[in-house]
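Contents: one structure, followed by commentary.
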Amino acid sequence: MIPIAAQGASRERKRQRPKGRQVDAAALQQVRALLGEAPRRRDLLIEYLHLIQDAHGCLSAPHLAALAFELRLAQVEVFEVASFYHHFDIVREDEPRPPALTVRVCNGLSCEMAGASHLLERLPALLGREVRVLAAPCIGRCDQAPAALVGQAALGQASCESVAAAVAAGQITPATAAVKADTKFAVLEACLSGERTVDAVIAELEGSGLRGLGGAGFPAGRKWRIVRKEPGPRLMAVNIDEGEPGTFKDRFYLERNPQQFIEGMLIAAWAVEIDEIYVYLRDEYHDCRKLLERELARLDGRAPRIHLRRGAGAYICGEESAMIESIEGKRGMPRLRPPYVAQKGLFGRPTLEHNFETLYWVPEILAKGAAWFNSHGRHGRQGLRSFSVSGRVKQPGVKLAPAGITVRELIEEYCGGMQEGHQLYAYLPGGASGGILPASMSDIPLDFDTLQPYGCFIGSAALIVLSQCDSARAAASNMMRFFQHESCGQCTPCRVGTAKAAALIGQPVWDAGLLGELSQVMRDASICGLGQAAPNPVECVLKYFPHEVAR
């Protein structure tokens, strides 16, 4: 029998032993070497996870424990963030490390129509075990379908041969685009010198009718006034996480004229008296990240402090509050509102949140005037819209066209018409969540507020064109699988609803009544726009293409 005193001493020794996974000394040394003198802050957690994965090819349990130790976080806090994002590879002790190279083939609708499934079937055997081939959600190159990422290098019009050649040649890192080095920023200088006043600038934006071009369409000038009235310090969050299938306009403009975007961002910061700016760029845009790093370095202290943050493969982070959570180093979970981001956003401060393209137009509108912007438009609408066009057209790409143009006009005048042998059958006016309309409704003006009566919306103006060779039912199934994959899981209506809807529309005959009830619950009870808009394609198929879902 063990004496009572000895039992107490044994319990004391046990209590002195730390609980949980112990920090490995070698892993800790490696993490410290990677972080160097960088600050140990929670909001940099995702940046550091990228740093470790880029260096070691994955996130091992010892490295996660070491990072948690360095940031003074519980290991579960680091693990829950790392496991939330699709681009982080967590490897446990009993698991093999992933291959050194990963090829991601987009299986979004435009790429699926262009033969992505063929690539996904053939590439694993062609590339061998040393290369991992994964299906990936939209990677923002729908105009180059089918598209793939070979390591960090984007490859458009991908084929088995071109992917294999890129792998063999070691073309796995992005090339930085060469752009004109022009950082004069004439409009910004006029603002800073006092030639233009804040009230005059905001009034010009309001007169132009410029609205948020990331999908929500909130008037830009009004947003500036709202945030400006909030007590400082104020912050700005810029969304370049365009993950909506069919959308690639932000990448297109960023690759060609980053200075115009930067000038618009700095004008907004001046007008709203922003202290610091956070730019959130999707992880698939590796070449754009290198370009932005170079262009921001050229500012040479002429701006508020600008932080460039890297996404990690989560569509939900395109939602403004989920993006803010991600910037803060957390899982990208949308916040309940109120309070709104303008009142309590990044780090609890009033935050001006903008999409890339909204800021891109600011310098040009101020230089040419609101009247110039409003002089464009058709069918009673005003302004210009950037349409990301993909699918069965001869000339896909970003098309700058008058607001209110119809899909038929857009295809004929800007896209060279339909591909040979294809006739317009249907179209998605607003990407995955914007709904699906038949060719018989191709004369509806495309703009904010014109599509809602038909159960659709323009969103970020991602136009996917289908022909008689395609099916609206298959398009809706593709979109619902995407929503199921990308749901953050926070709320039951979205988490369970997208999975249930995907299963229901996989049946030979659709249960219209049950799908209608499910859609209503998702719309009414989901926290954010993902769950609320996910039923749109399904409801459109039931309404406009009933012959595709009945016996």
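The values are calculated or read from the model by the stated rules, or taken from the named source; none is laboratory data. Predicted, not measured: the structure shown is a model, and the values here were computed from it. Please note: Cβ atoms are built from the backbone with ideal geometry, for glycine as well, and neighbour counts cover all protein chains shown. To get the accessible areas, we keep the full protein, side chains included, count just its heavy atoms, and leave off ligands, DNA and RNA. Shrake-Rupley method; radii C 1.70, N 1.55, O 1.52, S 1.80 Å.
Structure values in brief
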| quantity | calculated |
| --- | --- |
| Residue within segment 252-272 that is touching a Lys or Arg at 6+ places or on another chain (Cβ under 6 Å), closer than 18 Å to HIS354 by Cα and either among the aliphatic types (A, V, I, L, M) or outside any helix (DSSP H, G or I) (or both) present | yes |
| Meets criteria (in a loop (DSSP other than H, G, I, E, B) and open to solvent by less than 10 Å² (accessible area, probe 1.4 Å)) for GLY329 | yes |
| When residues of segment 519-528 are limited to those that are within 22 Å of the chain's Cα centre (by Cα) and open to solvent by less than 50 Å² (accessible area, probe 1.4 Å), the one nearest to GLY431 (Cα to Cα) | CYS528 |
| Hits in segment 375-390 - residues which are within 16 Å of PHE248 (Cα to Cα), open to solvent by less than 20 Å² (accessible area, probe 1.4 Å) and of a type outside the set (Val, Ile, Thr) | SER386, PHE387, SER388, SER390 |
| Residues (buried (at least 16 other Cβ atoms within 10 Å of the Cβ), touching a helix residue (DSSP H, G or I) at 6+ places or on another chain (Cβ under 9 Å) and not aromatic (Phe, Trp, Tyr)) located in segment 285-309 | ASP287, CYS288, LEU291, LEU292, GLU295, LEU296, ALA303, PRO304, ILE306, HIS307, LEU308, ARG309 |
| Close pairs from segment 280-309: first over 17 Å from ASP250 (Cβ atoms) and free of Cβ contacts under 8 Å to residues at least 40 places away in the same chain, partner open to solvent by 10 Å² or more (accessible area, probe 1.4 Å) and of a type in the set (Phe, Trp, Tyr), Cβ under 7 Å, at least 6 apart | HIS307/TYR278 |
| Residue within segment 225-244 that is closer than 16 Å to GLU364 by Cα and either open to solvent by 10 Å² or more (accessible area, probe 1.4 Å) or of a type in the set (A, V, I, L, M, F, W, C) (or both) present | no |
| Flag for ALA367 being of a type in the set (Gly, Ala, Ser), touching a strand residue (DSSP E or B) at 6+ places or on another chain (Cβ under 8 Å), modelled with pLDDT of 95 or more and closer than 24 Å to SER208 by Cβ | no |
| Filter pass, ALA66 being in a helix (DSSP H, G or I) and loosely packed, with under 13 Cβ neighbours inside 10 Å | no |
| Failed condition for PRO137, given (1) modelled with pLDDT under 95; (2) more than 30 Å from SER467 (Cβ to Cβ) | (2) |
| Neighbours by Cβ (under 6 Å, 6+ apart or cross-chain): first from segment 343-354, farther than 13 Å from ASN239 by Cα; second among the basic types (Lys, Arg) and modelled with pLDDT of 95 or more | PRO350/ARG234 |
| Tally of residues being within 14 Å of ARG141 (Cα to Cα) and open to solvent by 30 Å² or more (accessible area, probe 1.4 Å) across segment 112-124 | 3 |
| Residue match in segment 316-323 (condition: at pLDDT below 95, part of a helix (DSSP H, G or I), crowded, with 19+ Cβ neighbours inside 10 Å and out of contact with any strand residue (DSSP E or B) (no Cβ under 6 Å at 6 or more places or on another chain)) | yes |
| SER460 vs. criteria buried (at least 23 other Cβ atoms within 10 Å of the Cβ), under 22 Å from the mean Cα position of the chain (by Cα), of a type outside the set (A, V, I, L, M) and modelled with pLDDT under 95 | yes |
| Filtered residues of segment 422-453 (kept if without any contact (Cβ under 8 Å) to a residue 24 or more places away in the chain and of a type in the set (Gly, Ala, Ser)) | ALA439, SER440 |
| Candidate set from segment 322-335 (those that are within 13 Å of the chain's Cα centre (by Cα) and among the small types (Gly, Ala, Ser)); member that is farthest from ARG42 (Cα to Cα) | ALA322 |
| Conditions (1) in a helix (DSSP H, G or I); (2) loosely packed, with under 14 Cβ neighbours inside 10 Å; (3) in contact (Cβ under 8 Å) with a residue 24 or more places away in the chain: number failed by HIS485 | (2) |
| Matching entry among ARG310, ARG305, ARG294, ARG298 (being over 21 Å from GLY243 (Cβ atoms) and touching an Asp or Glu at 6+ places or on another chain (Cβ under 7 Å)) | ARG305 |
| Failed condition for ALA38, given (1) part of a helix (DSSP H, G or I); (2) out of contact with any Lys or Arg (no Cβ under 6 Å at 6 or more places or on another chain) | (1) |
| Candidate set: segment 529-551, residues that are assigned to a loop (DSSP other than H, G, I, E, B) and modelled with pLDDT under 95; chosen: the one surrounded by the fewest Cβ atoms within 10 Å (Cβ to Cβ) | ARG551 |
| Evaluation of LEU366 against (1) assigned to a loop (DSSP other than H, G, I, E, B); (2) out of contact with any Pro (no Cβ under 9 Å at 6 or more places or on another chain) (one fails), failing number | (1) |
| Residue tally, condition surrounded by fewer than 22 Cβ atoms within 10 Å (Cβ to Cβ) and modelled with pLDDT of 95 or more, over segment 100-111 | 2 |
| Subset of segment 78-97 [in a helix (DSSP H, G or I), out of contact with any Gly (no Cβ under 9 Å at 6 or more places or on another chain) and open to solvent by less than 60 Å² (accessible area, probe 1.4 Å)] | VAL78, ALA82 |
| Matching residues, segment 448-457, being surrounded by 19 or more Cβ atoms within 10 Å (Cβ to Cβ) and either under 18 Å from PRO396 (Cβ atoms) or in contact with a strand residue (DSSP E or B) (Cβ under 7 Å, 6 or more places away or on another chain) (or both) | PHE448, CYS456 |
| Selection count, segment 505-515, where residues are open to solvent by 30 Å² or more (accessible area, probe 1.4 Å) and either part of a helix (DSSP H, G or I) or closer than 12 Å to PHE483 by Cα (or both) | 3 |
